[in-house]
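> Okay, handing you the structure first.
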Amino acid sequence: ASKFQKPEHTRVVAVTNQKGGVGKTTTAVNMAAALALNGMRVLLVDADAQGNASTGLGISPQEERNDVYEVFKGEARLEDVLIQLEDIPNLYVAPSSITLAAVDFELGQVPGRYSILRDAIRETMDSFAAQGKAFDFVFIDCPPSMALLPVSALVAADEVLVPIQAEFYALQGVAQLVQTVEDVRSSRNEKLHISAFIVTMVDTRTNLAKDVSEEVRSHFGDRVLHTEIPRSVAAAEAPSFGKSVLTHDPRNRAAIAYLAAAKEFSALS
Ligand code: ADP
Ligand code: MG
C-alpha cells in the first residue's frame, strides 16, 4: 500500500455540515488520529461547545483549564491550551467545553470576531513551524449551525470536509452549506473550497445506504471519497473510552475505513 502523503503546506480543514449527528466529530477525530498515527503532525481544534471531540479523546472538561473559549475571548493563546495525546503523540487537541456556547452572544457585534480563530490557528502554526514541528494538517470540528463558530472555521480553513450520513435525508441542508462556503469564499477567504465529501454510518445490509451513496456521487462526483465509513458498534463506543476507534479497536472495520479514508484524503490536491 502507498504511504500517506505529506502536504507541502499545512492543510487547514473544517469538518462541517449544519446537520447534527451526521458523523462530523467522529470523522474529525478519526481522520486526525489516522493521519497522526501515520507520521503526520496534526492539530485538532474542537470548535463545538458540546466538546465531543475533546471528551471523545479522553480530555474531560476542567473549569480551571483554559480552552478554545478563552482563545475566542482573547484571554489565552491557542498554543497554550493545546493538549498532546499520550497514545497519539503527533496529535494535539485544542479542547472545548460548554462555556464555548456563550461566545456567540458575548462576541455579538465585536468587529473582527470571525477572524479570531483564523489568526489564532495561524499564530500556532507559525510557532510550531519555527520550532521545526510544523503541522501537516489542522482539523476543525464544527457544531451543527452556521453561527459564529462554524463560520469562524470556514474563515480559518482552506478546505472543507463534509460528512454525509447515509440516510434518507442525507442531502438536506447540503445545498445551503455549499452556498455558505461560496459566500465565505467570496467575502472573506478566497482559498476556501470543499475538497471532499465522506459518506458515513453506512449500513451495508440496506439498499438505502447504496442509494444515498449513489445520489451523493451523482451530485458531487469525484469529490466524494471512494472509502465509505460503515456503521460499527466500536466506532460509537470508542469515545466512551476516551479513544479514537483506531486506538480503541484498530482491527474494527470502521477503524480500517477511517485509515483508508485518511490515506485517500492525504493524496488530494
Ligand atoms: P456530529 O458530530 O455530526 O453530531 P457524531 O460524530 O457525534 O456526529 O456522530 C453522531 C452519533 O453517531 C454519535 O453517537 C457517534 O458515536 C455515532 N457514530 C458516528 N459514526 C459512527 C459509525 N461509523 N458507526 C456507528 N456509530 C457512529
Ligand atoms: Mg459533533
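> Scan the stretch 203-248 for trypsin sites (Lys or Arg not before Pro) in coil per DSSP, keeping those whose Cβ has at most 10 other Cβ atoms within 10 Å, and list them by number.
On the way: sites: ARG205, LYS210, ARG217, ARG223, ARG231, LYS243; in loops: ARG205, ARG231, LYS243.
Here the trypsin sites (Lys or Arg not before Pro) that fit, given the DSSP loop and packing criteria, are ARG205.
> Another question about this same structure. Among PHE139, VAL184, ALA255, whose Cα projects farthest towards the positive end of the dipole of the stretch 11-266, with charges put on the beta-carbon of Lys, Arg (+1) and Asp, Glu (-1)?
ALA255
> Would you please give the residues with an amide H less than 5 Å from that of ILE140, counting only those at least 5 places away or on a separate chain, with H modeled from the backbone geometry?
VAL13, ALA14, VAL15, VAL45
> Could you calculate the FRET efficiency of ASP126 with ALA102 from 1/(1 + (r/R0)^6), where r is the beta carbon distance between them and R0 is 35 Å, rounded to 0.05?
Numbers: r = 28 Å, r/R0 = 0.81.
Using R0 = 35 Å, I get an efficiency of 0.80.
> When only C-alpha pairs under 8 Å and at least 6 residues apart count, what is the relative contact order of the stretch 15-86, in percent? Working shown, then result.
On the way: 42 pairs, mean separation 13.5, N = 72.
Relative contact order for the stretch 15-86 comes out at 19 percent.
> Add +1 for every Lys or Arg and -1 for every Asp or Glu among the other residues with Cβ under 15 Å from the Cβ of PHE4, and state the total.
Details: positive: LYS3, LYS6, ARG11, ARG41, LYS263; negative: GLU8, ASP136, GLU264.
Net charge in that neighbourhood comes out at +2.
> Scan the chain and hand back the longest stretch that contains none of the chymotrypsin sites (Phe, Trp or Tyr not before Pro) lying in DSSP loops with at most 14 other Cβ atoms within 10 Å. Walk me through the numbers on the way to the answer.
On the way: sites that count: PHE168, TYR169.
Counting at most 14 other Cβ atoms within 10 Å as exposed, the longest clean stretch of the chain is 1-167.
> Can you work out the FRET efficiency for the pair THR206 and ASP80, with r the C-beta to C-beta distance and R0 = 51 Å, to the nearest 0.05? Intermediate results must be reported in sequence, preceding the final value.
Details: r = 47 Å, r/R0 = 0.92.
The pair THR206/ASP80 has a calculated efficiency of 0.65.
> Straight distance only, please: which lysines reach the Cα of LYS133 with their own Cα at less than 29 Å, same-chain residues fewer than 8 apart left out?
Straight-distance partners of LYS133: LYS3, LYS6, LYS24, LYS73, LYS191, LYS243, LYS263.
> Oh, and also: Where nothing but the Cβ of Lys and Arg (+1) and of Asp and Glu (-1) is charged, how large is the charge dipole of the chain around its Cα centre, in debye to the nearest 20? Walk me through the intermediate numbers first.
Numbers: 25 positive and 34 negative charges, 137 e Å.
Result for the chain is approximately 660 debye, rounded to the nearest 20.
> Looking at the stretch 159-217, which GluC sites (Glu not before Pro) are in a loop (DSSP not H, G, I, E or B) and have at most 11 other Cβ atoms within 10 Å?
Working: sites: GLU159, GLU167, GLU182, GLU190, GLU214, GLU215; in loops: GLU167, GLU190.
Listed in order of number, the matching sites are GLU190.
> Of the candidates THR26, THR124, THR204, which one comes out as most mobile in a Gaussian network treatment of the chain with C-alpha springs shorter than 10 Å?
Sorting by GNM fluctuation, first place goes to THR204.
> Report relative contact order for the chain in percent, whole number only (criteria: Cα-Cα under 8 Å, sequence separation at least 6). If you can, show how the numbers build up before the last one.
On the way: 536 pairs, mean separation 71.5, N = 269.
The normalised contact order for the chain reaches 27 percent.
> Also, I was wondering about something else. Kindly give the semi-axes, whole Å and largest first, of the ellipsoid equivalent to the stretch 11-266, taking each as the square root of 5 times a Cα gyration tensor eigenvalue. Don't skip to the answer; put the middle values down first.
Numbers: eigenvalues 144, 93, 55 Å².
For the stretch 11-266, the ellipsoid semi-axes come out as 27, 22, 17 Å.
> Summing +1 for each Lys or Arg and -1 for each Asp or Glu, what net charge is found among the other residues whose Cβ lies under 15 Å from the Cβ of ALA166? Walk me through the intermediate numbers first.
Details: positive: LYS19, LYS24, ARG205, LYS210, ARG217, ARG231, ARG253; negative: GLU167, ASP203, ASP211, GLU214, GLU215, GLU228.
Net charge in that neighbourhood comes out at +1.
> Could you please report the charge total around ALA157, scoring K, R as +1 and D, E as -1 over all other residues with beta-carbon less than 13 angstrom from its beta-carbon? The partial results should precede the final answer.
Values: positive: ARG11, ARG118, ARG122, ARG185, ARG188, LYS191; negative: ASP141, ASP158, GLU159, GLU190.
So the surrounding residues net to +2.
> In deg cm²/dmol and to the nearest 500, what is the mean residue ellipticity at 222 nm of the chain if only DSSP H runs of at least 4 residues count, each as -39500 (n - 2.57), divided by the residue total? Please report the intermediate quantities before stating the final value.
On the way: 12 runs with 106 residues, N = 269.
Dividing the helical sum by the residues of the chain leaves -11000 deg cm²/dmol.
We did not get these values from a lab; they are worked out from the coordinates using the rules stated. No experiment lies behind these values; they were computed from the predicted model shown. Neighbour counts are summed over all protein chains in view; Cβ atoms, including those assigned to glycine, are modelled from backbone coordinates with ideal geometry.
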